[in-house]
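Peer 1: Handing you this structure, nothing more for now.
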Amino acid sequence: MLVSERIGQFFVANPGSRDRLEYTEYGGGDRWVVLLHGQLMPRRMHQPLARALAAEGLHVVTLDLLGHGRSDRPRDMWRYSMRTFGEEVLALMDHLELDQAVIGGTSLGANTTLVLGRDEVLVGKHQIVFDQNAAEPQTAGAPMQSLGDTVYLDTKQHRALRATLESARADAAKPVAARPAMASPSGPRRIGVLRVIAGSAEQDEYSLDGQTSIIGRSNTALIRLRGWFKPSVAVAIAKNGPGYVATAMGGKPLINQEPLEGRHVLQEGDLLVVSGLVLEFAWKEAVRAESAA
């Protein structure tokens, strides 16, 4: 049985580069399967299997991970890790706007699927996550950066972060007109904005109107990250006097090509990278309610 075959491409943004990945779609429908190749092999190794599955009514995608097949081959060795390969699969799912898919692979591809899988156990108010491919182990006293997918041993810190998120949710429910604009030291009313430089987002620009603005997968996030495994809350941006402070909450966000650690006071032109989305911070003059009337 003949099935349709389509070649596509998408791009992933990283500090200092924008890399192209190529994939092939087989068949159609809403039952998706993603097949990942072995080490040093191209995606076409799974072509016979992809065609057979598509003939059974499945919508199959084969992907060339970076450094393989017809995808780009960055020189930086840090680009070739199981975690980054997993992020490329998530970027593919975001590109295709997939809510769910069966993911399988051979050798390197099989290991990549393990990065995407995890077990969770809820104990009281804590959510314990088993991840055999987790990032570097936390040292004693290191801050727990994620909320909603990490165990919090410091309940005081947990309450403080929860209060921040509740403030963001309350702010998100307010009409935009009811949110106060920020006054700069020199007097003119201005407000911070995040402009999308690279990656997929619902808007080209986001105004930081709320007291706290969230970037993440959460329904209350100002900037929504699409994908199952994106952090519910990746970055929280809070007004702080005449400026804004960004705090990492989950994942591995970058600020100006460096890991976002602790609190960072945003400056004009700062570049924030969150799960493949590249955002630039800038100021703009706020629209006065009087002039709008």
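The values are calculated or read from the model by the stated rules, or taken from the named source; none is laboratory data. On a predicted model such as this, the values are computed, not experimentally measured, just so you know. Note that we place each Cβ from the backbone using ideal geometry, even for glycine, and neighbour counts take in every protein chain shown.
Peer 1: Restricting attention to strands (runs of 3 or more DSSP E) lying wholly within region 1-82, give those where 2 or more residues are aliphatic (A, V, I, L, M).
Peer 2: 5-14, 32-36, 59-63
Peer 1: Oh, and also: For region 192-293, list the strands (runs of 3 or more DSSP E) that sit wholly inside it and hold at least 1 residues that are aromatic (Phe, Trp, Tyr) and either without any contact (Cβ under 8 Å) to a residue 12 or more places away in the chain or not assigned by TED's automatic domain parsing to the domain that holds Arg18 (or both); which are they?
Peer 2: 205-207, 243-248, 277-285
Peer 1: If you don't mind, another one. Going through region 224-254 one residue at a time, which ones are over 18 Å from Thr84 (Cβ atoms) and surrounded by fewer than 22 Cβ atoms within 10 Å (Cβ to Cβ)?
Peer 2: Listed by number, the residues that qualify are Arg224, Arg226, Ser232, Ala238, Lys239, Asn240, Gly241, Pro242, Gly243, Val245, Thr247.
Peer 1: How many residues are modelled with pLDDT under 90 and either surrounded by 12 or more Cβ atoms within 10 Å (Cβ to Cβ) or within 19 Å of Asp209 (Cα to Cα) (or both) if we restrict to region 261-283?
Peer 2: Qualifying residue count for the region: 5.
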